[in-house]
Amino acid sequence: MTIRLASRLSRIKPSITLAVTQKAADLRAAGKDIISFGAGEPDFETPDHIKDAARKALVHGASKYPAVAGIPILRDAICKVTNEVHGLDVKPAQVLVSSGAKHSLFNLFLALLDPGDEVIVPAPYWVSYPEMVRLAGAEAVCLKAHADKGFALDPAELRAAITDKTRALILNSPSNPTGAVYDRKLLQEVADICVEKDILVISDDIYRQLIYGAEYVSIASLGPEIAKRTILIDGVSKAYAMTGWRIGWTVGPVELIKGMNMIQGQSTTGATHIAQIAAAQALIGDQGCVEEMRKSFDARRKRMVELLNQIDGVQCQEPKGAFYAFPDFSSFIGKKTPSGQSMSDDVALATYLVEQGVAVVPGSGFGCPGFVRLSYASSMEEIEKGLGWLKTALAALS
């Protein structure tokens, strides 16, 4: 029997981040010592007061189906945080809780996009943005943000890319993979264009609490006209070390949330009840844990960038947010290993490096060939050890 797969699958590629993570896991399982800078996951444990809230909730029966849109205590907490951070006045009817911010985005694209629609995706981009847009039947228009401009979107290029088919712009600040943070002036220019052209802004704010020496500015705070065109995506995975709890959310216009609710009701229904209670505690409880993790990430950030820039042939800008460095490794493309293996592109280079014990993600997966992404959500010991191995592996190429 032959299984015929849906034609929509031909429009997308598998996640290169997950592929690198799996390759590292396979080598580790085979007994090889691997230091992985691939996964976008904090190495910290979920804070104890959040775990305790989940334990207590389980004792008191939080094991039934929750409402599709989310439990009231979490939606209320999301409204409170959203209004404080973004200067808005949102109500629970404008909130949909999903199984992670990734799920939120997936629901959003299915509810918003039709075949022929276009979504502008600044590159470097998180690997799943263009693929989810394509799965929804629309076109991802990838707009290059240049390294020499700090990987920030050029407003003139944004204006030129907008057509009568453009529905939305995806904005990710702080950025995965570059760590770039958009300043107020640039965001205002972007907001003015989006209002003028009447397109939506999908603001992925999952890293907004992890910023170093810069200011987080919400594009939704820059006036009522851009606020009503902004859809906010957020969650607890990164700032609270809760990746496995799978809780994210969307804040947007009521009619859009209703449509997304209908899609979620016919797919996953409500996100896990006990995880929602834990997420509510994360938002309303002591925030000192977030600052402790942020300070630790900051120290690791500085050390990783310092060590990367000490390697001949590597150039790395200082990231201002998230927990990634995005150095330029293009000088190694075309070189060969001592055994004669050619580094034909950044994928070949990343494959060689993981075989030498260091897992990184090739930049081509983010729409930026020649670069690689390294996560500094690892211990300082692993960063120093792994960057030493990386330096040795790169020095062996000629």
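Looking at segment 303-310, is at least one residue more than 21 Å from residue 17 (Cβ to Cβ), under 23 Å from the mean Cα position of the chain (by Cα) and in the same structural domain as residue 34 (by TED's automatic domain parsing)? Yes: one or more hits. Annotation: residue 87 fulfils all but one of (1) at negative phi; (2) modelled with pLDDT of 95 or more; the unmet one is (1). Residue 183 - would you say it is of a type outside the set (Lys, Arg) and either in contact with a strand residue (DSSP E or B) (Cβ under 9 Å, 6 or more places away or on another chain) or in the same structural domain as residue 305 (by TED's automatic domain parsing) (or both)? Judged against the criteria, residue 183 is not a match. Considering only segment 168-206, how many residues are farther than 16 Å from residue 150 by Cβ and outside any helix (DSSP H, G or I)? Qualifying residue count, segment 168-206: 12.
The single condition among (1) in a loop (DSSP other than H, G, I, E, B); (2) touching a Gly at 6+ places or on another chain (Cβ under 9 Å); (3) farther than 30 Å from residue 136 by Cα that residue 49 does not satisfy is (1).
With respect to residue 207, determine if the residue is surrounded by fewer than 24 Cβ atoms within 10 Å (Cβ to Cβ) and either at pLDDT below 95 or among the hydroxyl-bearing types (Ser, Thr, Tyr) (or both). Here the answer is no, as residue 207 does not meet what is asked.
Scoring residue 22 on the criteria (1) of a type outside the set (D, E, K, R); (2) at pLDDT 85 or above; (3) part of a helix (DSSP H, G or I) leaves a single failure, condition (2). For segment 308-351, a residue qualifies if it is out of contact with any Gly (no Cβ under 9 Å at 6 or more places or on another chain), outside any loop (DSSP other than H, G, I, E, B), at pLDDT 95 or above and not aliphatic (A, V, I, L, M), and the qualifying residues are 315, 336. Return a yes/no flag: does segment 100-118 have any residue that is touching a Pro at 6+ places or on another chain (Cβ under 9 Å) and outside any loop (DSSP other than H, G, I, E, B). No - not one qualifying residue is present in segment 100-118. Being more than 29 Å from residue 219 (Cα to Cα) and within 20 Å of the chain's Cα centre (by Cα): is that true of residue 38 here? So residue 38 passes the test.
If you take the residues of segment 276-298 that are surrounded by 15 or more Cβ atoms within 10 Å (Cβ to Cβ) and more than 20 Å from the chain's Cα centre (by Cα), which of them is farthest from residue 48 (Cα to Cα)?
Applying the first criterion (surrounded by 15 or more Cβ atoms within 10 Å (Cβ to Cβ)) to segment 276-298 yields 276-285, 289-290, 293-294, 296-298.
Of the ones still in play, those that are also more than 20 Å from the chain's Cα centre (by Cα) are 276-278, 280-281, 284-285, 289.
On the way: 276: 16, 277: 14, 278: 10, 280: 14, 281: 11, 284: 14, 285: 11, 289: 10 Å.
Filtering first and then ranking leaves 276.
The set of residues from segment 352-398 being modelled with pLDDT under 95 and charged (D, E, K, R) comprises just one member, 355. Restricting attention to segment 354-398, which residues are closer than 23 Å to residue 210 by Cα and either of a type in the set (Asp, Glu) or surrounded by fewer than 16 Cβ atoms within 10 Å (Cβ to Cβ) (or both)? Passing the criteria: 379, 380, 381, 382, 384. The condition of being more than 18 Å from the chain's Cα centre (by Cα), assigned by TED's automatic domain parsing to the domain that holds residue 70 and free of Cβ contacts under 8 Å to residues at least 12 places away in the same chain holds for only one of 224, 253, that being 224.
The values are calculated or read from the model by the stated rules, or taken from the named source; none is laboratory data. Keep in mind the model is a prediction, meaning the values are calculated, not measured. Every residue, glycine as well, gets a Cβ built from its backbone with ideal geometry; the counts of neighbours run over all protein chains shown.
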